[in-house]
1. In this structure, is A:Ala37 more than 16 Å from ligand 1 (Cβ to nearest atom) and facing another protein chain (nearest Cβ under 7 Å)?
2. Do any strands (runs of 3 or more DSSP E) lying entirely in region B:32-135 carry at least 1 residues that are out of contact with any helix residue (DSSP H, G or I) (no Cβ under 6 Å at 6 or more places or on another chain) and of a type in the set (S, T, N, Q), and which ones are they?
3. Pairs, please: C-beta under 9 Å, at least 6 apart or cross-chain, first residue over 10 Å from A:Val151 (Cβ atoms) and in region A:198-212, second of a type in the set (Phe, Trp, Tyr) and away from ligand 5 (no atom under 16 Å from the Cβ)?
4. Of B:Val186, B:Val193, which residue is within 25 Å of B:Ala120 (Cβ to Cβ), away from ligand 5 (no atom under 16 Å from the Cβ), in contact with a Pro (Cβ under 7 Å, 6 or more places away or on another chain) and within 14 Å of another protein chain (Cβ to nearest Cβ)?
5. Mind checking which pairs have a first residue in region A:117-133 that is within 14 Å of chain B (Cβ to nearest Cβ) and a second that is of a type in the set (Ser, Thr, Tyr), Cβ under 7 Å, 6 or more apart or different chains?
6. What is the residue count in region A:59-81 for residues that are within 24 Å of the chain's Cα centre (by Cα), in a helix (DSSP H, G or I) and more than 7 Å from chain B (Cβ to nearest Cβ)?
7. Taking the stated definitions as given, is A:Thr98 more than 21 Å from the chain's Cα centre (by Cα), more than 22 Å from A:Leu158 (Cβ to Cβ) and assigned to a loop (DSSP other than H, G, I, E, B)?
8. Which condition from (1) touching a Pro at 6+ places or on another chain (Cβ under 7 Å); (2) facing chain A (nearest Cβ under 8 Å); (3) within 16 Å of B:Leu56 (Cα to Cα) is the one that B:Ser178 breaks?
Amino acid sequence: MDSAKKSVLAARRQFLLDAARMAGGVGVLGLGVGLHAKQAKALPPAAIRPPGAGPEQDFLGACIRCGMCVRDCPYNILFLARPEQPIATGSPYFVARTGPCEMCEDIPCVKACPTGALDHKLTDIAKSKMGLAVLVDKETCLNFLGLRCDVCYRVCPLIDKAITLDLRHNERTGKHTIFEPVVHSDQCTGCGKCEKACVLEVAAIKVYPVKLAKGELGSHYRIGWEEKQKAGGSLVAPEVEHQYNLPEGMRYEHGKGLSSGPPGTMATPEAGVDSLRSVVPNPGKNAAPAGNIPQNIPGGGLSSRMSDDAPR
Amino acid sequence: MNENMRTKRWGQEAVETKGWWLAHKWLVLRRVSQLGILAAFLVGPWFGLWIVKGNLNYSLTLNTLPLADPFILLQSLVTGHVPEKLALIGVAIVAVFYLLVGGRVYCSWVCPVNPVTDAAGWLRDRLGIKGGAHVSRNARYWILALTLLLAGITGTLAWELVNPVSMLHRGLIFGLGSAWMVVLAVFAFDLFVMNRGWCGYLCPVGACYALIGKASPLRVTAVKREACNDCMDCFAICPEPLVIKAPLKDATKGVGPVILASECTNCGRCIDVCSKDVFSFGSRFNNAASMAGVARAASKRSTQVGSAS
Ligand code: SF4
Ligand code: SF4
Ligand code: SF4
Ligand code: SF4
Ligand code: SF4
C-alpha cells in the first residue's frame, strides 16, 4: 500500500520533471527560431520582392515559399532565397543589377501566386511598388559630371513620369547645363531597369526596398500648400493681400516682376510691411525683391536661392 | 542471448521464407513513390517538361491540380493572412487524401527527409550505435504548437526558416545552397544522438499529418497475430515501434488487431519483415478482437470487478 503510494508519487514527480524538461527544451528551440525570425525580417538592400508583394512583415506571413512566381516569370529573374542568404529562406526576390523586372503587362508572377502574397488586385504593372530607385551617388553619375549619359532615364518604362531630367546650371563650367536624373516615388515601380542599365562599374542609381529608400514625415506635419488646396482657401484666415512698398507708379506682379502700372492702382503700404521692408537691402531695378518672396514659388524662389548674388 | 539474436539481420527470416521481393515489397514501392514524386518535380527544371510546378508547400500538377501543404497554410493563417482560392482548394484536396489513407503516409511515401532518416537508422544499426538522448514522443506535438505560436507572435512563417522538410525539397528543385547542412544535421542527429529521433520525436510536419490522419480508414492490421513467434523483427524495423505493441500483443486485453495509433506511417515495413505474414493493410473498422481473446478479456474483467468489490 505504502509502496504503491510512493510509486505513484515518484511517477508524478517523473511526469512533472518530464513536462518541465519538455517545456524547457521546446522553449529554448522557440527562442532560437524566434530570434532568427526577427533577424530575417529585415530585407537586405539588394533584394527586391516581386510585384504585388505587400510590406515585408505581411509578405513573410502570406508567402508559403512555393516558387510558383519564380516558375511563371518569363524572364527568369526571380529566385527563392537559400538558407545562407540574409533573406527569409525560400522567399522570392530579384536583384535589379543582374536581372530587373521587365514589367510584364499580364503580370504572370502575380497570377501564379496561390496565396495572394502577391496581391491579385494588382492588375496594372505600372502601379506596382517593388522598390524605389534612388540616385545614390551624385559624385560618379555621368550626368552630374556634365555628360549626357541619360541611360537610366532612357530605359525607364515610365520615362518622364518615374524619372525625369531636371535642368540646372553647371557651376563648374559656368556655361553648361546639368541634366539631373530625378526619380519620383509616386510613379517609380522599382523595376530596377535603371540600375541594370547604369553604365558605371557600380551603378550610381540603385533600387532599394521602399522602406529603405523612402523618408517619412512626422505624422503631425502638414504641408501648407496641400492643406490650403484641400480646404479650398487659406487656413490662416484672413489671408492678407501681399503689399509691396514700391516707388510711385511701379507695380510688382508675381512671376512677372516690376512694371510701371497706372498710378493709383497700388494700395498704400501698411506700417508692418513698411518696417519689414527697411531691413532688406534695396535690390537692383529689375531684380525681384527676393527677401519678400515666398520660397516655394516656381521660377522666383528657386533661382534666387541658387544664385550667389541673391540676398540670403 | 541478445548478441545471438543480432547475428541475424532484421527480416532475414522473412527473406528466407518469403523470398526477397515479398520481404521488401512495400519498401521498394515506397522508394519508387518517393523518387517518382521527386522526379515529377525535377523534370520541369531539368528538361523543361513541366508536369509539376512548385514544391511540396504548394504545387500545380499539369497546370490544373493544385496541392497545398496543410501545415504551412495553417501557419500562414495564424499570421493573419487569408490565402487565395487556389491554395485553399489545394489544401482541401491534400487534407481529404490523407484523412483517407493515413496522415503519415506523407512521411513514408512522399517526404524527401524519410530516405535520409531511414538511412541514418539503418547505419546506426549496422554500426551498433546504442543509447542517446531521451525525450517523449509527444515532443513533436509540442513543437507543432510552438511553430504555430511563433507564427502568431512574429507574424511570419518562422518555422520555414529552419524546417528541414521544405528546405530539402525546395533545395532539390530550386537550388540547395547550404540546405544540405541542415539535412546532414538531421542525419547526424538520428545517427549519433537519437535513434529515429527526428521523424519519431521532433518533426512538426509529421505531427501535423498524424493529426490529420487520426481517423483514417486505411490502417495496417496485425490480423494473424496468433501466428507471431516473437522474433521482434517488426519492432526493430518500425520507425514508431510503440504503435505495434498493443494491437500485436494485447489480444487478451480485448485490444483489436488494427494499428490505430496515428503515428504509424503506413510504411508497410512490418508487413515485409514478418516471416509469419502477421501484418497486412486493412480497414480500421475491421477491428474486432478475436472471439477467444474477447472472451478471455471479458472473464478477466469480471474477475477483476469481483475482486474489487
Ligand atoms: S512582372 Fe514579369 S518580369 Fe517582372 S517579376 Fe513578374 S513575371 Fe517576372
Ligand atoms: S507564388 Fe506567392 S506564395 Fe509562392 S513563392 Fe511566390 S510569392 Fe510566395
Ligand atoms: S526603377 Fe528605375 S527604371 Fe524602373 S520605374 Fe523606377 S526609375 Fe524607372
Ligand atoms: S516525420 Fe517529418 S521529416 Fe520525417 S518523414 Fe514525416 S514529415 Fe518527413
Ligand atoms: S507499424 Fe508497420 S506500417 Fe506502421 S510505421 Fe511501423 S512498420 Fe510502418
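1. yes
2. B:58-61
3. Hits for this filter: A:Ala204/A:Phe144.
4. B:Val186
5. Matching pairs, first to second residue: A:Leu122/A:Ser128.
6. Total meeting the criteria: 1.
7. Details: more than 21 Å from the chain's Cα centre (by Cα): yes; more than 22 Å from A:Leu158 (Cβ to Cβ): no; assigned to a loop (DSSP other than H, G, I, E, B): yes.
Answer is no for this residue.
8. Among (1) touching a Pro at 6+ places or on another chain (Cβ under 7 Å); (2) facing chain A (nearest Cβ under 8 Å); (3) within 16 Å of B:Leu56 (Cα to Cα), the lone unmet condition for B:Ser178 is (3).
The values are calculated or read from the model by the stated rules, or taken from the named source; none is laboratory data. Computed from a predicted structure; not experimentally measured. Cβ sites come from the backbone with ideal geometry, for glycine too, and all protein chains shown count toward neighbours.
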